[in-house]
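Here is the structure we will look at, set down as C-alpha cells.
The values are calculated or read from the model by the stated rules, or taken from the named source; none is laboratory data. Computed from a prediction, not measured in an experiment: that's the story for all the values here. Please note: Cβ atoms are built from the backbone with ideal geometry, for glycine as well, and neighbour counts cover all protein chains shown.
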Amino acid sequence: MSSSVKSRSLIPAFRLTPFGACVLVALLWAGIYLPGLGTLQLQHEEPRRALPGLHMLASGDWLVPRVGSDPYLRKPPLLNWAIALSCKLSGGVSEWAVRLPSVLATFALALTIVGVAARRWLGLEGALIAAIFFLVNFTMVETGRLAELEAIYVSVTGIALVLWMTSWRQEAGSWQLWLLPAPFLALGMLTKGPTHLIFYYGVVLPVLLFGKNVRALLHPAHWLSLVLIVGALLCWAIPCSLAVSSHHPAAVWRFWWDQLASRASVESDQHFRLSAWLLNGPQTLKNFLPWTLLLPFLWRKETVAMVAGAIGTRPRDLALFRGARWGMVFTATLMVLLPSGSPRYIYPLIAVPCLLLGRALTVNDGSSIPDWLVSIWRRLNLLLLATVSLGVAAMPLFARGDRWIFLWTCIEGLLVAGIWFFALANGPQSPHVPPVNSSRLVAQAILSGAVAALAMMILATLIMPRLDSANKHRSRAVAGAIRAALPAGAQLWVLEDSYRPFWYYLEPEVRYFHRLSDLPAQANYLLLPATQTPALLQNPIWLNAPPKLIMQAVDNENRAYNLYSRNTHLQNSG
C-alpha cells in the first residue's frame, strides 16, 4: 500500500481520516462560498439566468425558458431549473436562493475529489490538497459564488473526469468506465450544450493513447454513454423547439447551430480584437492563481520518476499522469487560440491541474518536492494570516453603525486564534513532522484555505454591504425607485426592446409587450425606454388621452426609462 494513502498526523491532536478530510473540505467551502452570498445584488448576466426560473415558477411552464416574454434559447435550461427549485425549496426568491445551486455544485465536486479520488488514486492527502486547490483559486472563488453557468458546468464536467480517471486507473470494467460519468456529462449537455465534451475527451483521449488502450473507445458501453449524453439534451430540445415554433421548429435548431458554430468563428457577436486574443494565454494562467506557480512541478523529471516508481503504483499510473497532463495543455492551448476564444472557455478543465498537483505533491510522501517549497509556502501563509488578522481586529472601527459587528468580530477572532494555533503547531520547529513530507504540504494547503475563508468573511462583513449601496443606479435601486412610484400591487407593463438586469427586481408584478397594440385595456402603468418615448407617444392609439409621466429612472449603463400612467382605455388600432 502506498505511503501517500496512509493517514498521518499533522499536529499531535489531529489525525487525517476520510471523515476528517470531508469535514475540512465542508468547513473551507462554507467559509469561502457562503459568507455574503445574498448580500450583493444580482449583476451582469445573473438576472438573465434567474428570470427564466422565476417565469417557470409563475407560469408552470418548465419547458421553454423565457426572459421577459421571449423564449431564451441561447443556453439549455438546467441552471434555470436549478434556480427555480432553489427558490421554491427555500421559501422565496432571493439573491441567496438564486446563487445557491452554484455553490452547491462547487461543493459536490470538492467532495467527489475527497470521496472518490482519495480511495482510488490520490490517497487521502493528495485528494485533500486537490480539493483545496479547486476551492481556493481565482476562477472558482469568483464564478462559484455567482448565479452563472460556469460553476455547474465546471462541477459536472469535473465529476465526470474524476469518475473516469479513477475507474480507468483501477482497470474497471468498460461498462463502469463509460456509464458512470455519463449522467454528469448529460447534465453538462443540459447546462451549456456539447462543448464540455471537448474537455472531457481532451483528457480521455491522451490518457488512452499513453496507456495504449484506444480500443476502449470501440466498446458498446462507450457508444451507449454517448447516446445517453446526447439523448438527455434531445429530450428537452425536441419538445422545446416544437413549443416555440410548432410550424417551423427547424428555425430553432438553426439558431442553436449558429450559437455553437460562433464559438469557433471570428464572425460572432463580438468583433475580433488582437490585443484581447493575445492576452488569452496569460489570463488563463492568472485564473488558476495562486496555484499556477506550482504547475512547473508537474513537469519535473523527479516528479514523473516518483509517479512511475512509487510504492503501490498501478501499471496505468504513469500513463494517467502523462496523458492528463498533456491533454490539459493541448486542450487549453487549442481553446485560447480560437479566434473567439476566451479564458473562461477553459474553466471545465480546472479540476485536472488540481488532481495532478495533488498527485505530484504527495507521491512517495512528497519526497520529490524540494525543501524550499514548504518554507516559502509557510512564510506566505503567515504573512497573509497576519494581514487578515489585522483586518479582523479593525472590523469594529470600520463598521460602527452595525450592531452585530462585535459579535462577528468575536467569532472571527476565535477562528483567527485557532488558525494561528494550527499554523504554529505545524511550523519548522515541530518535532512531530519530518522536515519535508506530504503531511507538511497538506498543512500548508489547509492553512491557505483557512486564510481564504477568513478573507472572504471580512469581505462579506465590511466590503460587500458598502459596494452594494455605493451605486444608486444599480439594478435593485432602479427597480426599487420604480416600484416606489407605483401603487402597492400595481402591475407594470415593460416595453421589451432588449434585456435589462433590473427587470429581475421588478418581478413578480410585471408583464412585457412588444407593440402598443398588444396592451390590454387594464394596462395602466407603462415603462418605456426614453429614446423610444417620443415616437411611441405619436402613435394614434393614444387618441386624445396621452399617458402621464410619473418619473424617469436611469440604470447602471446610463440608459433612461420613463414611467407613465394612464387611466383611459386604449383604442385598439389593430
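Things worth noting here:
- Matching option when the condition is outside any helix (DSSP H, G or I) and not hydroxyl-bearing (Ser, Thr, Tyr), among 247, 222: 247
- For residue 418: the one exception among (1) part of a helix (DSSP H, G or I); (2) at pLDDT below 90; (3) surrounded by fewer than 17 Cβ atoms within 10 Å (Cβ to Cβ); (4) touching a helix residue (DSSP H, G or I) at 6+ places or on another chain (Cβ under 9 Å): (2)
- Hits in region 173-200 (condition: under 22 Å from residue 324 (Cβ atoms) and assigned to a loop (DSSP other than H, G, I, E, B)): 173, 180, 181, 194, 195
- There is at least one residue in region 186-194 that is more than 30 Å from residue 215 (Cβ to Cβ), surrounded by fewer than 21 Cβ atoms within 10 Å (Cβ to Cβ), at pLDDT below 95 and of a type in the set (D, E, K, R).
Residues are listed down the side, and each one gets a yes or a no for (1) buried (at least 19 other Cβ atoms within 10 Å of the Cβ); (2) closer than 25 Å to residue 95 by Cα; (3) touching a helix residue (DSSP H, G or I) at 6+ places or on another chain (Cβ under 7 Å):
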| position | (1), (2), (3) |
| --- | --- |
| 469 | no, yes, no |
| 485 | no, yes, no |
| 503 | yes, yes, yes |
| 506 | yes, yes, yes |
| 531 | no, no, no |
| 538 | no, no, no |
| 541 | no, no, yes |
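- Set side by side, the residues 195, 191, 166 differ, and just one is β-branched (Val, Ile, Thr) and in contact with a Lys or Arg (Cβ under 6 Å, 6 or more places away or on another chain), which is 166.
- Residues that are in a helix (DSSP H, G or I), in the same structural domain as residue 196 (by TED's automatic domain parsing) and closer than 25 Å to residue 352 by Cα occur in region 75-82; there is at least one.
- Subset of region 332-344 (residues that are surrounded by fewer than 22 Cβ atoms within 10 Å (Cβ to Cβ) and part of a helix (DSSP H, G or I)): 333, 334, 336, 337, 343, 344
- Criterion violated by residue 368 - all others in (1) outside any helix (DSSP H, G or I); (2) over 30 Å from residue 203 (Cβ atoms) satisfied: (2)
- Helices (runs of 4 or more DSSP H) completely within region 456-530 that count 2 or more residues being at pLDDT 90 or above: 475-484, 503-506
- Note on region 138-168: among residues that are at pLDDT below 95 and of a type in the set (S, T, N, Q), the one that is nearest to residue 184 (Cα to Cα) is 143.
- Within region 531-541, being touching a residue at least 24 places away in the same chain (Cβ under 8 Å) and part of a helix (DSSP H, G or I) holds for 533, 536, 540, 541.
- Residue 396 meets all of the listed conditions (1) modelled with pLDDT under 95; (2) surrounded by fewer than 20 Cβ atoms within 10 Å (Cβ to Cβ); (3) out of contact with any Phe, Trp or Tyr (no Cβ under 7 Å at 6 or more places or on another chain) but one, namely (3).
- For residue 124, the conditions (1) part of a loop (DSSP other than H, G, I, E, B); (2) farther than 25 Å from residue 195 by Cβ are fulfilled apart from (1).
- Test for residue 550: is it closer than 30 Å to residue 28 by Cβ, modelled with pLDDT of 85 or more and either within 36 Å of the chain's Cα centre (by Cα) or surrounded by 13 or more Cβ atoms within 10 Å (Cβ to Cβ) (or both): no
- Scanning region 48-72 for residues that are buried (at least 18 other Cβ atoms within 10 Å of the Cβ) and at positive phi yields one hit, 68.
- The condition of being of a type outside the set (S, T, N, Q) and modelled with pLDDT under 95 holds for residue 65.
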